[in-house]
Amino acid sequence: MFLRSTTRKKDGKDHRYFSVVENRRVSSGKTVQRTVVYLGEINDTQQTAWLKTLDVFDEQAQRSRTLSLFPSDRAIPECAVESLQVKLSGLELRRARAFGDCWWACELWRRLGLEEFWQARLPAGREEVPWEKVLRLLVVNRWIAPGSEFRVHRQWFVDSAMDELLGVDFAVAEKDRLYRCLDRLLAHKRDLFVWLRQQWADLFHADFEVLLYDLTSTYFEGEMDANPKAKREYSRDGRPDCLQVVIALVITPEGFPLAYEVMDGNTSDRTTLRGFLEKIEDTYGKAKRLWVMDRGIPTEAILAEMRDPARPVSYLVGTSKSKITQYEKQWLALPWQKVRDAVDVKLFATNGELYVLAKSTGRQAKETAMRRKRLVRLLRKLRAMRRSLPSRDRLLMRLGAAKTDAGRAFGFVHIEVPGEQQPVTRTSFQFRVDKAKLQAAELRDGHYLLRSNLTDEDPAVLWTRYVQLTQIEAVFRSLKSELRVRPIHHQLEHRADAHILIAFLAYCLQVTLKQQLVAHAPGLTPTTVLEKLATIQMIDVCIPTTDGRWLILPRYTQPDTDTKMLLHQLNIELPAQPPPRITCPLAAAAPALASAR
């Protein structure tokens, strides 16, 4: 194994490239050369810079010396006072670790100005490592390979190139340091919202006139005696056995989050909107904004306040399907207007509000098919019960299980159950489908009744805005599935809230990348990009010297063809290779290790 250099003339200048090569004998008896690792270009400027950084502290002489690591066929610059002899036969490749995805996450962190933001609010004290770097480590981990703080300490930091990217050693991943970082974040949450809003406005010209508002829940593992927010209520995660908190979120149709709040786990959706309206106005000032919400969030009192002419706030909210029947006389005789393919609307205004009855042909077919599928499954189970004729108690138990599985479809079937002392027979146990009720329900399938105080707005625009509520559902899925905000294991309230803030910051990196992809590569997703960049690994090329030291060259691997195309499409340039390091002699290191013990 040896170090090979090749020289290439380009633009009138000599460019020198280095590779580590080994000889291999093949079956034909010939010897072929295999490139073990490509070290890249080392031009005169880089060579001088590397030599300046290759300082070795001699503990015996108590002074630093600058060494040269290049062959003798070139003149050594004046800054090098001693040459370095290496044994290429002992070359080793160590610590293969993730680089590309970690580097890009750090780059997005800088582009959003988060390095500057947190350095100003988490000032360096007597701590060995700046808190901003500890926070960046936690956020990058949450986005790329979400896990607990202990997992970052125990495994992930060592398996990543974050030491090179942050310019620190393992001190940044000390277990207690990671937890103490969480204790310093919540006080700056409001400033963070304002900062990110301005960054997205500068980077993508994002506007924040249309706001999507919704709530979700995330659950805990454990008793959570020290967290007063942990309560039991309806669980959107399907975990009614666990304590939970409720998360309210406001985003734009592009997915940019404007604010969020962590509330008690038993908070009712209808009690949250007034506080959030005041929070947004206090943080960003009063402005003409359109709030888009689902039907279960606003109360009639809140909607009346939003219709106040003195308050420049608009709303667009869905209503329950019972309202369609309630206002049937108003819209029944009105003509349908086509606003887009497979979507028709009817409009009528009353009491200062515009009602939009929208009919989606595609949604109608989907809802009808879903109900019929559940109904067919229910009827199949009922027929099986009628054939087997179990005891009355077992029959009731099986009917209860069938009701749970059928959901609302169970209401379309009339079932006659035998009395308490009556035997179960085919006469005493009967069922039939209420066809009239089923037909009436199918006529309402795919119909949505929207209400808004924008009485002059185009109905096509209103429909498009309401459909964008699916965007906030996608954000919740990302937080829970990709960023794994659930379950929460932290026992203290402020650390549980900080855990959610870390996931929020990770989502901010993700939505920033997503918006870049919209402009440059709309066919890709952030997950796909991270998977591609993750193929760029970093390894330590370790070469022993003749005096018992090791020359260490951290080098990231060259991207493959697909990744190069991706980098070109996104206008991404990989950074320069890190400078080399050299260890102290073993003889000098032994006394130091002995004294440390």
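The values are calculated or read from the model by the stated rules, or taken from the named source; none is laboratory data. As the structure is a prediction and not an experimental result, all values here were calculated from the model. For neighbour counting, all protein chains shown are included, and Cβ atoms are generated from backbone atoms with ideal geometry for every residue, glycine included. Side chains are part of the model used for accessible areas, which takes the heavy atoms of the whole protein and leaves out ligands, DNA and RNA. Shrake-Rupley method; radii C 1.70, N 1.55, O 1.52, S 1.80 Å.
Tally Lys and Arg at +1 and Asp and Glu at -1 over the other residues with C-beta under 12 Å from the C-beta of Pro312: what net charge comes out? Numbers along the way, then the final one.
Working: positive: Lys286, Lys288, Arg289, Arg307, Arg311; negative: Glu209, Glu281, Asp308.
With Lys, Arg at +1 and Asp, Glu at -1, the neighbours total +2.
What nm value, rounded to one decimal, do you get for the distance between Glu305 and Glu328 when each label is placed 7 Å out toward the C-beta?
3.5 nm
Order 412-418, 4-10 from most to least packed using the mean count of other Cβ atoms within 10 Å.
Top to bottom by mean Cβ count within 10 Å: 412-418, 4-10.
Over 27 Å between Cα atoms, which of Lys321/Lys403; Lys229/Lys286; Lys403/Lys435; Lys10/Lys514 qualify?
Among Lys321/Lys403; Lys229/Lys286; Lys403/Lys435; Lys10/Lys514, the Cα-Cα distance tops 27 Å for Lys229/Lys286; Lys10/Lys514.
Please enumerate, by chain and number, the aspartates and glutamates with C-alpha under 14 Å from the C-alpha of Lys437, excluding those fewer than 8 residues away in the same chain.
Leaving aside aspartates and glutamates fewer than 8 places away in the same chain, those within reach of Lys437 are Asp445.
For Thr425 paired with Asp225, estimate the spin-label separation in nm (one decimal), with each label point 7 Å from Cα along the Cα-to-Cβ line.
According to this spin-label approximation, the distance is 6.1 nm.
Across segment 303-316, in residue order, what do the Karplus-derived ³J(HN,Hα) couplings come to in whole Hz, using 6.51 cos²θ - 1.76 cosθ + 1.60 with θ = phi - 60° and x for Gly and Pro?
4, 5, 5, 6, 7, 4, x, 6, 10, x, 10, 10, 9, 9
Which helices, counted as full DSSP H runs in the chain, have an axial Cα extent of no less than 18 Å and a Kyte-Doolittle average of -1.0 or above?
131-144, 189-204, 392-406, 493-520
Sort out for me the Cα centre separation of segment 440-505 from segment 93-140, rounded to whole Å.
Answer, in whole Å: 30.
Set the Förster radius R0 to 30 Å, insert the Cβ-Cβ distance between His15 and Thr528 as r into 1/(1 + (r/R0)^6), and round the FRET efficiency to 0.05.
The value I calculate is 0.35.
With a 10 Å radius around each residue's Cβ, average the other Cβ atoms per peptide and rank 532-539, 359-366, highest first.
Packing order, densest peptide first, comes out as 532-539, 359-366.
When only C-alpha pairs under 8 Å and at least 6 residues apart count, what is the relative contact order of the chain, in percent? Numbers along the way, then the final one.
Working: 889 pairs, mean separation 104.3, N = 597.
Computed value for the chain: 17 percent relative contact order.
Which of the peptides 570-577, 343-350 is most tightly packed, and how do the rest follow, going by the mean number of other Cβ atoms within 10 Å of each residue?
343-350, 570-577
What number comes out for the charge environment of Trp331, summing +1 per Lys or Arg and -1 per Asp or Glu over other residues with Cβ under 15 Å away?
+4
Place a point 7 Å from Cα of Asp241 in the direction of its Cβ. Which residues in segment 376-408 have their backbone N less than 20 Å from it?
401, 404-405
Rounded if a/c is under 1.5, else prolate if a/b beats b/c, else oblate: with a ≥ b ≥ c from the C-alpha gyration tensor eigenvalues square-rooted, which is segment 263-305?
oblate
Once you sort the root eigenvalues of the Cα gyration tensor of segment 424-485 as a ≥ b ≥ c, which label holds: rounded (a/c under 1.5), prolate (a/b larger than b/c) or oblate (the other case)?
oblate
Using 0.36 nm per residue, how much length does the chain from Arg398 to Thr546 gain when fully extended, once their Cα-Cα distance is taken away?
That pair, Arg398 and Thr546, stretches by 45.2 nm at full extension.
Heavy-atom accessible area per residue, segment 321-428, 1.4 Å probe: how many Å²?
Here the per-residue accessible area is 64 Å².
Would you work out if segment 355-508 is rounded, prolate or oblate? Take a ≥ b ≥ c from the square roots of the eigenvalues of the alpha-carbon gyration tensor; rounded if a/c is under 1.5, else prolate when a/b is larger than b/c, oblate otherwise.
In terms of gyration-tensor shape, oblate.
For segment 233-313, with the dipole built from +1 on Lys and Arg beta-carbon atoms and -1 on Asp and Glu ones, taken about the Cα centre, which of Ala304, Pro257, Gly275 lies farthest toward the positive end?
Going by the Cα projections, it comes out as Ala304.
Using a probe of 1.4 angstrom, how much of the accessible area of the chain is carbon and sulfur, in percent?
49 percent
Using the beta-carbon distance between Val376 and Asp169 and R0 = 51 Å, what value does 1/(1 + (r/R0)^6) give for FRET efficiency, to the nearest 0.05?
Details: r = 63 Å, r/R0 = 1.24.
That gives a FRET efficiency of 0.20.
So if I place +1 on the C-beta of Lys and Arg and -1 on the C-beta of Asp and Glu, and nothing else carries charge, what would the dipole magnitude of the chain be about its Cα centre? I want it in debye, nearest 20. Don't skip to the end; give the middle numbers.
Working: 91 positive and 74 negative charges, 626 e Å.
Taking the Cα centre of the chain as origin, the dipole is about 3000 debye.
With unit charges on the beta carbons (Lys and Arg positive, Asp and Glu negative) and the dipole taken about the Cα centre of the chain, which residue among Leu135, Phe150, Ala342 sits farthest to the positive side?
My answer, from the dipole projection, is Ala342.
Largest first and in whole Å, what are the equivalent-ellipsoid semi-axes of segment 491-593 based on the Cα gyration tensor, each being the root of 5 times an eigenvalue?
Details: eigenvalues 292, 129, 16 Å².
Here the semi-axes work out to 38, 25, 9 Å.
Counting only other residues whose beta carbon sits under 15 Å from that of Arg392, what net charge do I get with K and R as +1, D and E as -1?
On the way: positive: Arg386, Arg394, Arg398, Arg426; negative: Asp393, Glu416, Glu420.
After counting each charged neighbour, the total is +1.
What's the FRET efficiency of Leu492 with Glu107 using the Cβ-Cβ distance as r and R₀ = 35 Å, to the nearest 0.05? Present the calculation step by step, with values, prior to reporting the outcome.
On the way: r = 33 Å, r/R0 = 0.94.
Computed FRET efficiency for Leu492 and Glu107 comes out at 0.60.
For the chain, what does -39500 (n - 2.57) per DSSP helix run (n ≥ 4), summed and divided by total residues, give at 222 nm, in deg cm²/dmol to the nearest 500? Kindly include the intermediate steps, with their values, before the conclusion.
Numbers: 20 runs with 229 residues, N = 597.
About -12000 deg cm²/dmol.
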